[in-house]
1. Of Gly118, Gln153, Val165, which is farthest on the positive side of the dipole of the range 107-251, counting Cα position, with +1 on Lys and Arg Cβ, -1 on Asp and Glu Cβ, and the Cα centre as origin?
2. Once amide H atoms are placed 1.01 Å from N in the peptide plane, what residues at a sequence separation of 5 or more from Asp119, or on another chain, have their amide H within under 5 Å of its amide H?
3. Between Asp248 and Arg149, take the C-beta separation as r, use R0 = 25 Å, and let me know the FRET efficiency to the nearest 0.05.
4. Out of residues 5 or more away from Asn155 or on other chains, whose amide H comes under 5 Å of its own, with H placed 1.01 Å from N in the peptide plane?
5. Taking θ as phi - 60°, what are the ³J(HN,Hα) couplings along the range 151-162 by the Karplus curve (6.51, -1.76, 1.60), each to the nearest whole Hz, with x for Gly and Pro?
6. I'd like the GluC sites (Glu not before Pro) in the range 213-251 restricted to DSSP loop residues with at most 15 other Cβ atoms within 10 Å, sorted by number.
7. Measuring from label point to label point, each 7 Å out along Cα→Cβ, what is the Gln235 to Thr221 span in nm?
8. Quick one: Karplus J couplings for the range 188-193, per residue in order, coefficients 6.51, -1.76, 1.60, θ = phi - 60°, nearest Hz, x for Gly and Pro?
Amino acid sequence: MKRLISIFLTLCLLLGITACSAPQPSKEISSANGSNSELESDSTDSADSSADVEESTLTQPEGSAPQSNILIAYFTWAENTSVADPDSVDVDAITSASVLMPGNVGLLAQWIEEETGGDKFSIITEEPYSSDYDTCLNRAIEEHDDNARPAIQGNIENMGDYDIVFLGFPNWWYSCPMAILTFIEKYDLSGKTIIPFCSHGTGGFAASLRDIGNVLPDDCTVLEEFGAYRPEVAQSKDELLAWLAELDIAY
Ligand SMILES: Cc1cc2nc3c(=O)[nH]c(=O)nc-3n(C[C@H](O)[C@H](O)[C@H](O)COP(=O)(O)O)c2cc1C
């Protein structure tokens with residue numbers, strides 16, 4: 001009898017230890033292709049509420065070779081705001097079209113990802129922007145004039161694996177969203193090749209290349225940029241592919 005009780009107690013102890021050591025779900029998102037596009041699904045849930053997004057992280061699984069030496073970091077309004085009713089957005093309206101996924105710069109980033117096999121990373125501010133154009137513009141102007149560095153989400157832990165960084169953004173108030181400068185200053189980009197791309201509403205790159213150049217480390221190499229005028233973005237894939245083919249990079 002004593003022996004039976006002892007076996008029973010041993011079994012209980014073993015079961016208890018197993019339950020305690022069961023793996024817990026990780027809070028860190030690190031997707032196979034390095035894209036943090038899982039953030040995209042929440043972007044249209046509620047108007048002007050804080051985007052309900054998880055912290056995203058780009059990491060390489062331990063011991064594995066990096067999948068790509070190319071990073072495609074981009075900012076697009078659609079991933080930096082939320083819209084209560086996407087069906088109510090008039091996609092023909094000049095100022096509202098880009099609140100819908102994937103956004104103009106988001107689309108360019110998608111094509112670059114498909115062609116180069118690079119890892120995509122969406123630059124998303126901690127505080128979402130309004131989906132109302134004027135409100136968003138006012139904040140963009142204020143941040144620009146204050147030379148602000150809005151806090152951004154996520155982390156790229158394996159930045160050292162990337163030699164080439166495509167950097168995409170819309171023209172905002174004659175420059176780029178200030179979060180682009182936050183991104184540049186957050187990571188050690190020294191020695192890397194930077195390739196800017198943008199979408200704009202007739203203004204082209206305006207002062208963005210100068211403003212970006214002012215914060216990039218001196219030893220970065222900046223290659224020729226690609227820009228697409230807002231209403232022509234959807235038809236610009238061939239032009240973008242031709243630009244990629246002309247760049248002096250291997251992929
Ligand atoms: C806040 C804000 C400011 C903008 N400022 C400019 C500007 O100064 N010059 C310009 O040509 N386009 C400007 N635009 C238009 C955007 O550059 C254009 O719509 C771009 O395609 C948006 O890309 P996205 O959809 O990836 O955000 C602005 C748009 C927004 C929302």
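The values are calculated or read from the model by the stated rules, or taken from the named source; none is laboratory data. Given the structure is predicted, the values throughout are model-derived calculations rather than measurements. Heads up, the Cβs are rebuilt from the backbone with ideal geometry, glycines too, and the neighbour counts pull from every protein chain shown. Heavy atoms of the whole protein, side chains included, go into the accessibility calculation; ligands, DNA and RNA do not. Shrake-Rupley method; radii C 1.70, N 1.55, O 1.52, S 1.80 Å.
1. Of the options given, the answer is Gln153.
2. Placed amide hydrogens put Ile70, Leu71, Ile72 under 5 Å from Asp119.
3. 0.20
4. Counting only residues 5 or more places away or on other chains, the set is Ser56, Thr57, Leu58.
5. Going residue by residue, I get 5, 10, 7, x, 7, 9, 6, 9, 3, x, 6, 9 Hz, with x marking Gly and Pro.
6. Working: sites: Glu224, Glu225, Glu232, Glu239, Glu246; in loops: Glu224, Glu225.
Passing both the DSSP loop test and the Cβ count: Glu224.
7. For Gln235 paired with Thr221, the spin-label model returns 3.5 nm.
8. So the J values, rounded to whole Hz, are 8, 9, 4, x, 8, 8.
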